[in-house]
Amino acid sequence: MSYVNAPIHDLLIRIKNAYMARKATVEGVVFSKFKVKVLDLLKEYHFINDYHVGENGAKKTLTIHLHTVKDPVNDIPEVKFYSRPSRPRYVGYKQLQTVAGGKGIGIISTNQGLLPVHVAKQKKLGGELIAEIY
């Protein structure tokens, strides 16, 4: 495996590419607690079915189970990144907007953990805007 500078970008792009290739699972994703929190959000808002943490010796890996693609236009998620490792993008709660008319979620890292954008706006919390998925 190679070293990845932007692990969340890698995770979201792997999920998107697996949907585009009509795969049922994404295997071999390196485990991290931050990735698990992102996957919890994706599971809660029905972008993925489920995920499992497996151990391969001393290393932990993630296996992500995806929905089946019936309509490619609506079932394959679009991903838009805002923060990069070299340049994080911080926003206040007044700058937060709904994603795709409420069909998608924005992922923001706040002092209360990872939250969807609409929840952060209700709680009047700002933070680092990671990505939008719709």
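Throughout, read-outs are computed from the coordinates displayed, never taken from laboratory work. The model shown is predicted, which means the values in this text are computed figures rather than measured ones. Every residue, glycine as well, gets a Cβ built from its backbone with ideal geometry; the counts of neighbours run over all protein chains shown.
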With Cα coordinates, the longest principal axis of the chain makes an angle with the long axis of helix 7-20, in degrees rounded to 10, of 70
Placing +1 on each Lys and Arg Cβ and -1 on each Asp and Glu Cβ in the chain, then taking the dipole about the Cα centre, the residue among V53, A100, V73 whose Cα reaches farthest towards the positive end is A100
In nm, the gap between the two label points placed 7 Å beyond Cα toward Cβ at T110 and E78 is 2.6
By the mean-Cβ-within-10 Å protection proxy, highest first, 116-126, 27-37 rank as 116-126, 27-37
To the nearest 10 degrees, the tilt of helix 33-44 (Cα long axis) against the first principal axis of the alpha carbons of the chain is 80
Between K103 and E128, Cβ-based FRET efficiency (R0 22 Å, step 0.05) works out to 0.45
Pseudo-spin-label distance H67 to R89, built 7 Å along Cα→Cβ, given in nm, is 2.5
